[in-house]
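Bear in mind that the values in this text are calculations on the coordinates, not laboratory data. Since the model is a prediction, treat every value here as computed from it, not as a measurement. We place every Cβ from the backbone using ideal geometry, glycine too, and count neighbours over all the protein chains shown.
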């Protein structure tokens with residue numbers, strides 16, 4: 001992914017990408033986003049949904065404390081805490097998006113699985129509809145980018 005898009009994601013979601021510049025013995029985010037820019041919108045929307053969910057749950061918990069809602073009150077259990085999601089690695093693997101993280105809850109787990117499923121039908125290079133391609137590295141590409149890849153492979157083997 002281009003440096004400017006990497007920077008945009010890190011600036012928009014500083015809590016999720018707080019380890020972006022940490023050393024490699026602490027996180028794989030030190031290498032940045034190891035995927036094409038075609039998945040930028042998927043990653044951006046995923047992070048927006050994740051952070052919104054975490055922030056909403058925290059506001060709800062604060063409201064419950066202010067209103068004196070007790071844990072286990074009949075018909076009104078206290079909202080459980082959701083730990084802040086921190087990305088550990090974002091990359092392409094076997095033609096699919098992988099978003100490894102710590103924190104979150106089952107709802108966030110579902111969001112991540114949905115984003116990974118969306119990437120499986122989205123060209124990693126340009127973001128248009130794509131499909132899984134084999135031959136060399138497995139990639140998710142549109143027809144145009146697959147033709148370009150095939151041409152590069154032909155040129156490499158002809159030389």
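Using only Cα atoms, find the angle between the long axis of helix 40-67 and the longest principal axis of the chain, and express it within 0 to 90 degrees, rounded to the nearest 10. The answer is roughly 0 degrees. The alpha carbons of segment 3-120 give a radius of gyration and a Dmax of 16.3, 52 Å, in that order. The angle separating the long axis of helix 3-12 from the principal Cα axis of greatest extent in the chain is about 10 degrees.
Quick one: plug the Kirkwood hydrodynamic radius of segment 76-122 (C-alpha pairs) into Stokes-Einstein at 20 °C, 1.002 mPa s, and report D in µm²/s. Using the Kirkwood radius from Cα pairs, D works out to 180 µm²/s.
By the count of other C-beta atoms within 10 Å, a proxy for reagent exposure, 4, 58 are ordered fewest to most as 4, 58. The angle separating the long axis of helix 143-158 from the principal Cα axis of greatest extent in the chain is about 50 degrees.
As a proxy for reagent exposure, ranking 79, 122, 140 by other Cβ atoms within 10 Å from fewest up yields 79, 122, 140. Stretching residue 26 away from residue 81 to a fully extended chain increases their span by 17.3 nm, per 0.36 nm per residue minus the current alpha-carbon distance. The order of 16, 43, 108, going from fewest to most other C-beta atoms within 10 Å of their C-beta, is 108, 43, 16. Segment residue 7..residue 41, full-extension length gain: 10.8 nm, with 0.36 nm per residue of separation and the alpha-carbon distance subtracted.
For the chain, adding -39500 (n - 2.57) for each run of n ≥ 4 DSSP H residues and dividing by the number of residues yields -14500 deg cm²/dmol at 222 nm.
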